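Computed from the coordinates by the stated procedures, all read-outs in this text should not be read as laboratory data. Quantities reported herein were computed from a predicted structural model and do not represent experimental measurements. Because the Cβ atoms are built from the backbone with ideal geometry, glycine has one as well, and the counts that use them run over all protein chains shown.
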Amino acid sequence: MKDKIQAFFCYLKENIIKYISTNKLFIMFVLLALLNNLFLRNYTIDNFFAIKTLIVDVACVLLIGSFAYLFKVKNQFKYFSFWLWVLAILAMINSIYYSFYQNFVSVGLISSIGQLETVGDSVLDKLELAQLIYIIFPLIFYYFGKKITSGNYLNFIAKIEKRKKMFVSTILISSIFFAVTLVTMSSTDYSRLTKQWNRQYIVERFGLIMYHVNDLVQTLTPKFSSLFGYEEAAQEFVEFYNSSNDQKKSNQYTNKLENYNVVFIHMESMQKFLMDLSFNGEDVVPNVKKLASEGMFFNNFYSQVSTGTSSDTEFTLNNSLMPVQSGTVFVSYYNRKYVAIPKILSEKGYYTFSTHANNMTMWNRSKMHPSLGYQDMFFKESYKIDEEVGLGLSDKSFFKQLLPKLEKIEDEHEKYMGTIITLSNHSPFGYNELFDYDLSYKKTQTNEDGTVEEITDDYLNDTKMGNYIKSAHYADEALGEFISYIKNSSHFNKTLFVFYGDHDAKLAKSEFDYLYNYDPETSKMKEEGDEGYIDYDYYKNELNRKVPLILWTKNNILKGEYDYPMGMIDILPTVGNMMNFSSSYQLGHDIFDIKNNNVVIFPNANFLTEKVYYNDSKEEYIPLKDEPIDKDYIDKLKEYTSKRLDISNNIIVYDLIAKNGDQIKKE
């Protein structure tokens, strides 16, 4: 018996050695591909090794590698090299994209690659040496692969390799790993994989390759909508809206601003935390703060963006729908039928326009804005680029050139609606000589000889946070000049201005930790236990992403500060109630109807209420009030969130307003 066991292990050892010696390229390909994916997860979601994810990665890499055996031996090196370069480029793109948006890139965004022309500086600013590490893997393969194939190795392998057998065997081994994955998947895993809401979770659980395969399927699904899910989506759409309890109710603001003009001011990257900051006795955003005190200010307001960032905000605000699960609405679904604010008001006799000092091709606005109902667009070609900040024309020059246009619009049109998109506070938040704001901390120091001197600690100089604060201060100054003109103009006496931050600044958590915990008195970082130390964890960072929302008129007819939880999709129904318009397909709520009972849902299926913030990826929550939260409360909100994300996505993907909108009961 002992001899048989020994013989078996000898046989096994010989076959393993033989396999390794005759499949060197394949083994090297598998190892390097796996390392590529491991490093990507480590750099982005800080998850270098997870056994379940590794199993999926192995299955995918083996499947890809197996097809090499269908090629002649001399071409297998090229096949493996090609795929290693593909994986390296995918990892590098995702790594850079993640540093911008804390998310992973979608196949649907490939069609918007032209955006790099406009945001090239932002990309270069975010590019770090660590993000180039992925290139090493195909280079390693090339170097050692050439050494392996330089002799008679290929001729030897060509004589002994049974390619069809190796192909089938590798496929079978890959299938075993896939089977293990299927068996170990939970119902939550299935749901998230099919719905593609939470990209981070999919990469964390299933790896980069499976994520992109799944994303490709999600992107192609609408191309075959008649084959994949249209009937079911249409039925759910009709049932959802016809059974909805979201009936329009009257409140103290109903029709208060009927027949008013309305102008939306899209404040690029303006976060609410800036309103609480000052340096050397000067507020960072004094004009935003002043507007908030003069008008109606919502201090618990969140943008709801996905991969489309600014364009997602434009979409969610105008339609009261959520961003699409795969790709971006502006790029991939601009040709759908939408019931957006510009279109609604156009039908009520309003003249509608949008204006921005950037190219109208940015985020495909040249096609999407007419689809939303804007009658005219005034973009880069309508302005003289006489002063540049960041990506283009400075906000100060932009507003100065815009104001006469606005007055002319009011003179020529009885009623109008417009969207003004600012630009100066766009990443990468670099240095500009126009940014005149002192962030330094001045302190006195007593020397050993008894003399006292003043020391300046410019601790935020050249940091991303410092540059952002200076950029935001400049944008606020430009906004102040705009408002000053509005107040002194004979126009705009019957105009509602809606000021909103389009999304957070996408700064790393470490930047906030440095802002809040660096002590300029000691020139050191505060540590846990020190007076004033702030434990700036993941959830504090998530809750700090809120942006300002201010409704303002010259006659100050709207006043007050409100802390109701509110999202961008709630603007249409809230403003619509004041101006007497609505959409039959809005998913948001009039905030003065729902008040503290509102649920702010995010594209990744996270949600927030007055009581709780829930993280879908971690399947955990933090209470926001000192009261118990039961499982039933969370489960109902998860169902609520899931349903609305599905309905919204289906409306966009399957063009349900155009195809089935006539089946919805109108109010």
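For region 239-631, a simple Cβ point-charge model (Lys and Arg +1, Asp and Glu -1, everything else neutral) yields a dipole of about 2200 debye relative to the Cα centre. The percentage of C-alpha pairs in region 545-667 whose separation is greater than 16 Å is 69%. Projecting the Cα atoms of I140, I45, M322 onto the dipole axis of the chain, where Lys and Arg carry +1 and Asp and Glu carry -1 at the beta carbon, places I140 farthest toward the positive end.
Of all DSSP bridge pairs formed entirely within region 239-631, close to 50 percent run antiparallel. In the distance distribution for the chain, Cα-Cα pairs more than 41 Å apart total 36 percent. Distances between placed amide hydrogens fall under 5 Å for T422 paired with H266, E268, all partners being 5 or more residues away or on another chain. Computed over the chain, the per-residue total of -39500 (n - 2.57) for DSSP H runs of n ≥ 4 gives a 222 nm mean residue ellipticity of -15500 deg cm²/dmol, rounded to 500.
Note on the chain: with charges restricted to the Cβ of Lys and Arg (+1) and Asp and Glu (-1), its dipole about the Cα centre is near 4200 debye.
Annotation: the residues V105, V168, sorted from fewest to most other C-beta atoms within 10 Å of their own C-beta, follow the order V168, V105. A 21 angstrom limit on the alpha carbon distance is what I want to check against. Which of K546/K636; K559/K625; K290/K470 exceed it? Table pairs above 21 Å Cα-Cα are K546/K636; K559/K625. Oblate is the label for region 440-519, because the ratio a/c of its alpha-carbon gyration tensor axes (a ≥ b ≥ c) is 1.5 or higher and a/b is not greater than b/c. A Förster distance of 56 Å, applied to the separation of the beta-carbon atoms of N335 and E448, puts the FRET efficiency at 0.15. Which shape class applies to region 549-605: rounded if a/c is under 1.5, otherwise prolate when a/b exceeds b/c and oblate if not, where a ≥ b ≥ c are the square roots of the Cα gyration tensor eigenvalues? The shape class here is oblate. Could you sort out which of K289/K443; K272/K384; K74/K164 sit more than 26 Å apart by Cα distance in this structure? The pairs that break the limit, which is 26 Å between Cα atoms, are K289/K443; K272/K384.
Here the gap between E561 and E627, fully extended at 0.36 nm per residue and compared with their Cα-Cα distance, gives a gain of 21.3 nm. Projecting the Cα positions of V284, Y260, L274 onto the charge dipole of region 232-289 (unit charges on Cβ atoms of Lys, Arg, Asp and Glu, taken about the Cα centre) puts Y260 furthest along the positive direction. Put a plus charge on the Cβ of each Lys and Arg, a minus charge on the Cβ of each Asp and Glu, and nothing anywhere else: the dipole of region 372-431 about its Cα centre is then about 160 debye. Highest mean first, the peptides 319-331, 435-447, 83-95, 231-243 sorted by other C-beta atoms within 10 Å per residue fall in the order 319-331, 83-95, 231-243, 435-447. Can you find, among Y333, T219, P404, the residue sitting farthest towards the positive end of the charge dipole of the chain, where Lys and Arg contribute +1 and Asp and Glu -1 at Cβ? Value: T219. With both labels modelled 7 Å from their Cα along Cα-to-Cβ, the S584 to N280 distance reads 5.9 nm. Determine the shape class of region 513-587: with a ≥ b ≥ c the square roots of the Cα gyration tensor eigenvalues, call it rounded for a/c under 1.5, and otherwise prolate if a/b is greater than b/c, oblate otherwise. Prolate shape, in that a/c is at least 1.5 and a/b is the bigger ratio.
Note on S382 and N259: their simple-model spin labels are 2.7 nm apart, each label 7 Å out from Cα toward Cβ. Of all beta bridges DSSP finds with both residues in the chain, what is the antiparallel percent, to the nearest 5? If I count the DSSP bridges inside the chain, around 50 percent turn out antiparallel. Between the Cα long axis of helix 163-184 and the first principal axis of the chain there is an angle of about 50°, rounded to the nearest 10.
With 0.36 nm allotted per residue and the present C-alpha distance subtracted, the E527-Y640 stretch has 36.6 nm of extension available.
Among the chymotrypsin sites (Phe, Trp or Tyr not before Pro) in region 357-424, none sits in a DSSP loop with a Cβ that has at most 12 other Cβ atoms within 10 Å.
Taking 7 Å steps out from each Cα toward its Cβ at N596 and L35 produces label points 5.7 nm apart.
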